[in-house]
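Remarks on the structure that follows.
The values are calculated or read from the model by the stated rules, or taken from the named source; none is laboratory data. Note that the structure is a prediction, hence the values are computed from the model and not measured. Heads up, the Cβs are rebuilt from the backbone with ideal geometry, glycines too, and the neighbour counts pull from every protein chain shown. Side chains included, ligands, DNA and RNA excluded: accessible areas come from the protein's heavy atoms. Shrake-Rupley method; radii C 1.70, N 1.55, O 1.52, S 1.80 Å.
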Amino acid sequence: MTDLLPLTPDELLTTTRAVRRRLDLSRPVPLEVIREALEVALQAPSGGNRQKWHWIVVTDPAIKTQIAEYYRRSYRAYREAGGEPTDPTAARVASSSDHLSEVLGEVPALVIGAIHTGGGDLGGNQAGLWGSVLPAAWNLALALRARGLGTTWTTLHLQYEREVAEILGIPDTVRQGVLLPVAYTKGTDFRPGPRADLDAVLHVDGW
């Protein structure tokens with residue numbers, strides 16, 4: 001088993017950050033380490049314990065390059081639509097996101113979390129569907145962090161979900177939910193991020 005960082009549960013939960021600039025693009029990530037993290041991740045809940053999730057791990061440079069190009073197209077449109085950030089925090093996030101969009105194809109591994117839907121129109125409130133795969137994807141981020149690796153939650157490639165599915169041979173009955181670029185991190189000293197005050201979002205016994 002891979003050695004784990006000496007983190008308490010609270011430290012693990014509060015220091016698993018979105019890692020973009022500090023992804024180590026030069027250090028290979030063994031598939032066995034990702035498998036080990038996925039074994040932990042798949043202890044997450046799923047609707048009816050049906051576990052209809054699927055995990056596509058991409059390490060082939062040519063395939064990563066193709067996926068990264070679709071991600072870049074979507075990201076450019078997203079950035080242009082959003083305009084320039086007006087505060088330092090947003091500017092920092094935008095700058096690191098710009099960086100990720102340029103190097104995504106160089107990240108050692110890309111992991112796509114997907115779920116079998118049976119096909120057809122998803123329609124209506126989809127919380128039950130995505131609640132059966134996204135918790136496991138976050139578990140994966142935590143398990144990777146515990147092993148000295150980092151990732152960031154990305155969904156922009158879903159603008160080209162069908163094209164990416166064709167590249168990877170994903171059937172029409174399976175929908176993608178998240179893409180996690182995976183690499184060892186440059187250093188492991190991550191800190192909790194800024195968040196809104198709890199009282200601003202907490203409601204007790206009603207809104």
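Observations on the structure shown:
- Qualifying trypsin sites (Lys or Arg not before Pro) in the range 148-207, DSSP loop, other Cβ atoms within 10 Å at most 11: R195
- Of the whole protein surface, D87 contributes about 70 Å² of accessible area at a 1.4 Å probe radius.
- Note on the chain: helix-only mean residue ellipticity at 222 nm, from DSSP H runs of 4+ residues weighted -39500 (n - 2.57) and normalised by residue number, equals -12000 deg cm²/dmol.
- Solvent-accessible area per residue in the range 9-157 equals 51 Å², computed with a 1.4 angstrom probe and all protein chains kept.
- Going by accessible surface with a 1.4 Å probe and the largest first, W53, W138 read W138, W53.
- Efficiency of FRET from Cβ geometry, A62 and R21, R₀ 25 Å, rounded to 0.05: 0.50
- Helix runs (DSSP H) in the chain reaching 20 Å along axis by Cα, Kyte-Doolittle at least -0.5: 88-103
- Between L168 and D87, the C-beta separation translates, for a Förster distance of 41 Å, into a calculated FRET efficiency of about 0.65.
- Apportionment of accessible area to carbon and sulfur, the chain, percent (1.4 Å): 52 percent
- Largest to smallest accessible area among V57, V19 [probe 1.4 Å]: V57, V19
- Net charge of neighbours whose Cβ lies under 15 Å from the Cβ of G131, counting Lys and Arg as +1 and Asp and Glu as -1: +3
- A straight chain from R79 to H99 at 0.36 nm per residue would run longer than the Cα-Cα distance by 5.9 nm.
- The range 43-139 shape via C-alpha gyration tensor axes, a/c threshold 1.5: prolate
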